[in-house]
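Reviewing the structure listed below.
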Amino acid sequence: MSGALLPGSVAGRFHLPPGVTYLKSHSVGCQPRAAEALLRDKLLMPWAETGEAWPHWLEAIDEWRAALAGLLGVEPRDLCPATNVSAGLSRYLSALGAATPRRTILLAPSAFPTIGYVVGGLAAEGWSARYLPADADVRDPASWAAALDDEVALVIAMHVSSNSGALADLAGIAAAAHAAGARCIADSAQAVGVVPVTPALWGVDALLGTSVKWLCGGPGAAWLWVAPHDRTALDPAERGWWSHENPFEMNIADFRYAPDARRWWGGTPDVAPFILSAAGIAEIAALGVEHIRAHNLALQTMLRDTLEAQTPHWRWPDGAIGGTLCIDTGADQPRVAAALDAQAIKADFRGSVMRLSFHAYSGVADVERTVAALK
């Protein structure tokens, strides 16, 4: 097992909160030490030195697209920056009305709530949400296939579910959607950076993600990836001057969609979040997602091997999970929360479910402290 662990020196590449054991990478993720200098060099210095810094800023966003594309195994031109997952999903859904007569969107009740909120907002336009049964296994393509029919236009699947850590078979889910004549979009927010994310290999039609959490990039830098077969087939109704083929043409009477994923971009883009995000992506790429995943699983196994047998009244996850251990502590939740607080261990809860995340900067000592607090 020790061979799966990353060296302890990795932690020195990140700002770790002093005096605490940080196990909340599923929430924010620790800031790379390179982020501050990168923000200064790519955003502030060009602005200070030129006043008109857009060429430098757009170059920085192009560098971000290229770096993220390398991590995901896709083409940069098929990635569109977005402020957050909700914005990316809204723009994608705005194109579906003209692309299909179907008006049902299938998702799981365990999807991150913002997904349901966005879908629910389309009711006035004739769309409806259909949810899997509450007890369905969201990992299993058969659960999705059973809920599909000729009314479903789109399946929205979480790569990793935030409340349970369940790791879905996205290739199988996408295949089931396509067999029923529907598209499939995946949300990788809880996966990217700790679990390999390969949308082109899965065969999904689109991917949502964000640099907060495991990519350690901070908020404001999300994305929408659209598969090449839909590169010019979908025209978003929600658009802005940066969706234009030539944003600087400035002819209000002549809009032409950009020929790549920029068509989903909308109005004037943010810049700083994508520069900060690039710092996180660089660290993750340098370490290698496959090595981070092995490290994460090794630490999960250490904790489970020591603690699970001592807590038979807790419900531990089974089956494939992502980077977060989601453990239902039941009636023990108040005691467990107090014990974590007393030892300055930063985890969190969804109801009685404790969520613990081990990232590349976590180590054996973090496992030992957590076990000692929870015995």
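The values are calculated or read from the model by the stated rules, or taken from the named source; none is laboratory data. From a predicted model like this one, the values you see are computed outputs, not experimental measurements. Backbone-built Cβ (ideal geometry, glycine too); neighbour counts: all protein chains shown. Areas reflect the complete protein model, heavy atoms only, side chains present, ligands, DNA and RNA absent. Shrake-Rupley method; radii C 1.70, N 1.55, O 1.52, S 1.80 Å.
Side notes on the structure shown:
- When the Cα convex hull of the range 1-107 is projected onto planes of every orientation, the mean area is 12.1 nm².
- Separation of the range 275-327 from the range 142-210 is 21 Å, based on Cα centroids.
- Förster radius 35 Å - calculated FRET efficiency between Glu59 and Ala171 (Cβ-Cβ, nearest 0.05): 0.50
- Loop sites here are chymotrypsin sites (Phe, Trp or Tyr not before Pro) outside DSSP states H, G, I, E and B with no more than 13 other Cβ atoms within 10 Å. The longest part of the chain free of them is 1-247.
- For the chain, built as a Gaussian network whose Cα springs stay under 10 Å, the top-fluctuating residue of Arg355, Arg40, Arg65: Arg40
- Full-stretch length increase - Ala286, Ala272 - with 0.36 nm per residue and alpha-carbon distance subtracted: 2.9 nm
- Accessible area (Å², 1.4 Å probe, nearest 10) - Arg335: 110
- Rough spin-label spacing in nm, given labels placed 7 Å along Cα→Cβ, for Ala66 and Ala320: 3.3
- Theoretical gain in end-to-end length, Ala34 to Trp241 [0.36 nm per residue, Cα-Cα removed]: 71.3 nm
- Ordered from longest to shortest, the equivalent ellipsoid semi-axes for the range 42-86 are 24, 12, 8 Å, each the square root of 5 times a Cα gyration tensor eigenvalue.
- In the set [x] 32, 23, 20; [y] 35, 28, 16; [z] 36, 23, 19, the label that goes with semi-axes √(5λ) of the Cα gyration tensor in Å computed for this structure is [y].
- FRET efficiency, Asp41 to Asp149 (Cβ-Cβ, R0 45 Å, nearest 0.05): 0.25
- With both residues required to sit in the chain, DSSP beta bridges show an antiparallel share near 55%.
- Projecting the Cα atoms of Thr104, Trp64, Val119 onto the dipole axis of the range 14-123, where Lys and Arg carry +1 and Asp and Glu carry -1 at the beta carbon, places Thr104 farthest toward the positive end.
- Within the straight-line cut-off of under 16 Å between alpha carbons, the aspartates and glutamates reachable from Lys213 are Asp187, Glu283, Asp348, sequence neighbours fewer than 8 places apart in one chain being disregarded.
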